[in-house]
1. Looking only at the stretch 15-33, filter to residues that are aliphatic (A, V, I, L, M) and part of a loop (DSSP other than H, G, I, E, B); which one of those is farthest from Tyr109 (Cα to Cα)?
2. Within the stretch 116-123, does at least one residue satisfy the condition of being at pLDDT 95 or above, out of contact with any strand residue (DSSP E or B) (no Cβ under 9 Å at 6 or more places or on another chain) and assigned to a helix (DSSP H, G or I)?
3. With respect to Ala305, is the statement that it is of a type outside the set (Asp, Glu), closer than 21 Å to Val129 by Cβ and loosely packed, with under 13 Cβ neighbours inside 10 Å true?
4. Filter the stretch 20-50 down to the residues that are closer than 22 Å to Leu139 by Cα and without any contact (Cβ under 8 Å) to a residue 12 or more places away in the chain and list them by number.
5. Within the stretch 229-249, take every residue that is surrounded by 13 or more Cβ atoms within 10 Å (Cβ to Cβ) and not hydrophobic (A, V, I, L, M, F, W, C) and give me the one that is modelled with the lowest pLDDT.
6. Given (1) at pLDDT 95 or above; (2) within 30 Å of Leu318 (Cα to Cα); (3) in contact with a Ser or Thr (Cβ under 7 Å, 6 or more places away or on another chain); (4) hydrophobic (A, V, I, L, M, F, W, C), identify the lone condition not met by Leu195.
7. Across the stretch 278-293, which residue is farthest from the chain's Cα centre (by Cα) among those that are surrounded by 20 or more Cβ atoms within 10 Å (Cβ to Cβ) and under 30 Å from Pro205 (Cα atoms)?
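The values are calculated or read from the model by the stated rules, or taken from the named source; none is laboratory data. A quick note: this is a predicted structure, and the numbers were derived from the prediction, not measured. FYI the Cβ positions are ideal-geometry reconstructions off the backbone, even for glycines, and counts take in every protein chain you see.
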Amino acid sequence: MDPLTHTATGLFLSRIGLKRWTPLATPILLLAANAPDIDIVTTAGGPLNYLHYHRHLTHSLLAMPVMALGTVALVWVFGRKQKIRWAGAFLAALIAVATHLLLDLTNTYGIRLYLPFSARWLRLDLTNVYDLWIWAFFLLCIAAPFLGKLVGSEIASRNTQRPLHGRGFAWVALAFLLLYNCGRGVLHARAVGELESRIYEDAAPLRTLAVPGPANPWRWRGVVETADSFAVQDVDLLGEFDPTRATVYRKPAPDPAIQVAEHLPLFQEFLRFSQFPLWRVSPSSDLQNGTTVEALDLRFGTPAAPAFMVRANLDANLHPVDTSFQFGIPRQK
């Protein structure tokens, strides 16, 4: 998930009572809820380096205690070594780090939870990295206590009633997050069921994928792999699904150029991440009698708007001349 969602989750954990576990609990929880994303520093090594290390060890079960303890130590140092209760601080930070991993697990990007023992990507495909419904509800639950406090102060000036406080809204926010993801899980299962129950150009699905969007929980981008193609079409759970309207991308025939590209380090790194790779082979526009080989991840884009894609230019003898990696959808100039 995005930093805003992680930060708000840490704030709600503080408000429901974890801030009582130790002094400086709130900054500890806010930082711990974001701590695994410290891997952002790997962007300094380039986009491919970031692809390799993003959601790497910092997002694993093994690193959870390290992330929690490091956060507590950092806050303690910058808090001028103010006295804290280390056991309570560590446990609170550990819970916040766990929420980060759970939220990232709900995305299509996924996490490698069992590193360094297994590099398998795990994902639930329930929510987009940015979810507008979660943002809106969290913002409401953050703002509501301040509004309630103003109203409560006005009432308290006339009687002895105590002003409202944010604990209840924090519980509501966290309960909403749990129920919302459960609901999206039901909708995701329905979307996958729609995709799996159809035939695409006389071919049965081998694998299916329903990609969540940032706004409409009933609308999913469907990707279906058959023996010789990929079919991409939106699934609207409130409407009819017609598989004949899908955009079909043919898999290329076995090609020596693809075999060469598969052994290049750049492509091997990409294929370890990509779970729905579409290959394309075409004449090179830069090399005479050369060949361009591309692989893109259909989870995040299409050939018309690729978001994760590797490319290699091969000369007439199929020797690699250059390779490149595209991270994110390119901006229009």
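1. Taking the stretch 15-33 first, the residues aliphatic (A, V, I, L, M) are 16, 18, 24-25, 28-33.
Now narrow it down to the ones that are part of a loop (DSSP other than H, G, I, E, B): 16, 24, 33.
Details: Ile16: 30, Leu24: 33, Ala33: 18 Å.
Ranking the qualifying residues of the stretch 15-33, first place goes to Leu24.
2. Within the stretch 116-123 (the criterion being at pLDDT 95 or above, out of contact with any strand residue (DSSP E or B) (no Cβ under 9 Å at 6 or more places or on another chain) and assigned to a helix (DSSP H, G or I)), the answer is no, since none of the residues qualifies.
3. On the way: of a type outside the set (Asp, Glu): yes; closer than 21 Å to Val129 by Cβ: yes; loosely packed, with under 13 Cβ neighbours inside 10 Å: yes.
Spelling it out, Ala305 is indeed of a type outside the set (Asp, Glu), closer than 21 Å to Val129 by Cβ and loosely packed, with under 13 Cβ neighbours inside 10 Å.
4. Across the stretch 20-50, there are no qualifying residues.
5. Pro243
6. Single failed check for Leu195: (2).
7. Only one residue tops the list, namely Val293.
Each row is one residue, and each column tells you yes or no for (1) over 21 Å from Ile84 (Cβ atoms); (2) buried (at least 22 other Cβ atoms within 10 Å of the Cβ).
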site	(1), (2)
Met1	yes, yes
Thr7	no, no
Gly17	no, no
Thr26	no, no
Asn49	yes, no
